[in-house]
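Q: The structure is given below, and queries will be raised subsequently.
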Amino acid sequence: MTERTSIHGQWSNRIMFILAATGSAVGLGNIWKFPYITGENGGGAFVMVYLGCIAIVGVPIMMAEIMIGRRGRQSPINTMRSLARDEKTGSAWVLLGWGGVLAGFFILSYYSVIAGWALSYVFRSAVGVFNGVTADGAHSIFSGLVSDPERLLAWHTLFMVMCMVVVARGVRHGLEKAVRILMPALFVLLLVLLGYAYNTGAFQQGLDFLFTPDYTKVFYNCDFLNGVENCTFDGGPMLIAMGHAFFTLSLGMGAIMVYGSYMPKHNSITGAAMMIALLDTAVALIAGMAIFPVVFANGLEPGSGPGLIFQTLPIAFGAMQGGQIFGTIFFVLLVFAAWTSGISLIEPAVAWLVENKSMTRVRAAIWVGMSVWLLGLGSVFSFNVWSGEEFQLFGNTFFDLLDYLTANIMLPLGGLLIAVFAGWYVSRNSSVDEFNMGDGFIYKIWRLVIRYITPVAVVIVFLNAIGVIDWLLSKNLLW
Ligand code: PHE
């Protein structure tokens, strides 16, 4: 096969791919979502399942996505079409590309609303609203923001425009420059926060919550009926942990695939995937270690939901020396982290429009951005005018449903199919050639894991969540 080249250009070098993919991976998922879902799902045991999923599901699938992307050198939709043709298999694989585009639209629509919260906190912090703020004060500042649809709409709009501008400019300009400085700066600021958390007096309690697993508490729901404890197994948190592994590594929807399609030929895919996963996990764990001590020191509720960091970090910044400046810089960096993730969510759709509808990048970015913006209104209203029960489905708002559907169903399903495609449909010759590391030990391990372990793990977690495994066990059908 003659080697393909991408019409969209290439990263300048190996480091740029790693930085861009890390920019995609590190985002609100690490700093906003990881702490709050860990809080809602009881801590340690949840974190252990999440870490396990990063290692045995996340890293192999990331390698597969980069490998497929670089071989196809096009938008995920066209890449899947070309590779399916190369490997002489069914054209239905193209649906995997389409599913990814849809997931990207859905995710960015609510992601942008949350990024809007971070934007608004930049200004609040800068003018000193958080100085000396109490837990109650931080709570009412947050509620004041989310209950006002107009303000949320304005920030959501601003964030979407920011994403459209960078995507319109293409892979090299803008994006590469932004990630080079901002990602390391975010890391440093997280360490400052960690330093504050260390001195809250509740550091140990925070660590215990994060790292001491109590499996019985997380995976079983227990009631006391007539004084007798009655426990039922609940696989839900496990699915949430796995879903988050996909979300935080940007896997299962083509973001990493499309970035891989701009990767220069001879760069190591394995090294890049490990590096990205490591950095992403480090950021999430440090964020957790910085936030939970503040939660406990102030008697807050770890399970208080999506507002968690927006109600705890202001207390930390409000109390620390120089907090007004640190706080402002922190929220600026959080916005940047969200920005570098946001653009990767629509890059697959934009690349497809450029390839197939011969649009310019600018036009494509505008069309995609406007559609996502419109869908985002549903999430804007979820926190205020549509928060009432009459607008909910099974107690979930539009925002909750989109988040659940994408992170816990669409991404794991997309990832499962990517694993099956890479392991079973891409020939051994093709994948050996693309990985460029020979048919040695590492390749053999990857192939074994991606063919058997990863798909089976994903399927088990799914079956577990809908109660099938528990049912089989109770009927003694499993052993
Ligand atoms: N990984 C990003 C985060 O953690 C979110 C994301 C998901 C980006 C899927 C791209 C694709 O914030």
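The values are calculated or read from the model by the stated rules, or taken from the named source; none is laboratory data. Given the structure is predicted, the values throughout are model-derived calculations rather than measurements. Cβ sites come from the backbone with ideal geometry, for glycine too, and all protein chains shown count toward neighbours. Ligands, DNA and RNA are stripped out before the accessible areas are found, and what is left, the full protein with its side chains, is counted by its heavy atoms. Shrake-Rupley method; radii C 1.70, N 1.55, O 1.52, S 1.80 Å.
Q: Among the numbered criteria (1) among the aromatic types (F, W, Y); (2) more than 10 Å from the ligand (Cβ to nearest atom); (3) over 26 Å from T312 (Cα atoms); (4) crowded, with 19+ Cβ neighbours inside 10 Å, which single criterion is violated by F233?
A: All conditions pass for F233, except number (4).
Q: For S147, only one of the following conditions fails: (1) over 18 Å from L308 (Cα atoms); (2) open to solvent by 30 Å² or more (accessible area, probe 1.4 Å). What is its number?
A: The failed condition is (1).
Q: Name the one entry in M410, M320 that is open to solvent by 10 Å² or more (accessible area, probe 1.4 Å), in contact (Cβ under 8 Å) with a residue 12 or more places away in the chain and over 24 Å from the mean Cα position of the chain (by Cα).
A: Every option except M320 fails the conditions.
Q: Here's something else I'd like to know. Just to be sure before I move on: is A21 within 12 Å of the ligand (Cβ to nearest atom), part of a helix (DSSP H, G or I), open to solvent by less than 10 Å² (accessible area, probe 1.4 Å) and of a type in the set (G, A, S) in the structure I sent?
A: The answer is yes for A21.
Q: When you look at T216, is it open to solvent by 60 Å² or more (accessible area, probe 1.4 Å), outside any helix (DSSP H, G or I) and not aromatic (F, W, Y), yes or no?
A: No, not satisfied.
Q: Being within 24 Å of the chain's Cα centre (by Cα), more than 23 Å from G236 (Cα to Cα) and among the aromatic types (F, W, Y) is the filter here; which residues of the range 423-479 pass it?
A: Within the range 423-479, W446 is the sole residue that qualifies.
Q: Just one of (1) modelled with pLDDT under 95; (2) more than 16 Å from the ligand (Cβ to nearest atom); (3) closer than 19 Å to A154 by Cβ; (4) of a type outside the set (D, E) trips up W339, so point out which.
A: Unmet for W339, out of (1) modelled with pLDDT under 95; (2) more than 16 Å from the ligand (Cβ to nearest atom); (3) closer than 19 Å to A154 by Cβ; (4) of a type outside the set (D, E): (2).
Q: Would you confirm, using the coordinates I've provided, whether L251 is within 16 Å of the ligand (Cβ to nearest atom), under 27 Å from A55 (Cβ atoms) and open to solvent by 10 Å² or more (accessible area, probe 1.4 Å)?
A: Considered against the rule, which asks whether it is within 16 Å of the ligand (Cβ to nearest atom), under 27 Å from A55 (Cβ atoms) and open to solvent by 10 Å² or more (accessible area, probe 1.4 Å), L251 comes out as no.
Q: So, of the residues in the range 254-309 that are part of a loop (DSSP other than H, G, I, E, B) and within 14 Å of the ligand (Cβ to nearest atom), which turns out to be most open to solvent (accessible area, probe 1.4 Å)?
A: By that ranking, first place goes to P306.
Q: Still on this structure, I have one more. Can you find a residue that is surrounded by fewer than 18 Cβ atoms within 10 Å (Cβ to Cβ), more than 30 Å from V133 (Cβ to Cβ), modelled with pLDDT of 95 or more and within 16 Å of the ligand (Cβ to nearest atom) anywhere in the range 366-375?
A: Yes, the range 366-375 has at least one match.
Q: For the range 30-121, give me every one of the helices (runs of 4 or more DSSP H) that falls completely inside it and has 1 or more residues that are polar (S, T, N, Q), open to solvent by less than 20 Å² (accessible area, probe 1.4 Å) and farther than 16 Å from G243 by Cβ.
A: 76-86
Q: Within the range 49-70, which residues are among the aliphatic types (A, V, I, L, M), away from the ligand (no atom under 16 Å from the Cβ) and out of contact with any Phe, Trp or Tyr (no Cβ under 8 Å at 6 or more places or on another chain)?
A: Answer for the range 49-70, where residues must be among the aliphatic types (A, V, I, L, M), away from the ligand (no atom under 16 Å from the Cβ) and out of contact with any Phe, Trp or Tyr (no Cβ under 8 Å at 6 or more places or on another chain): V49, A55, I56.
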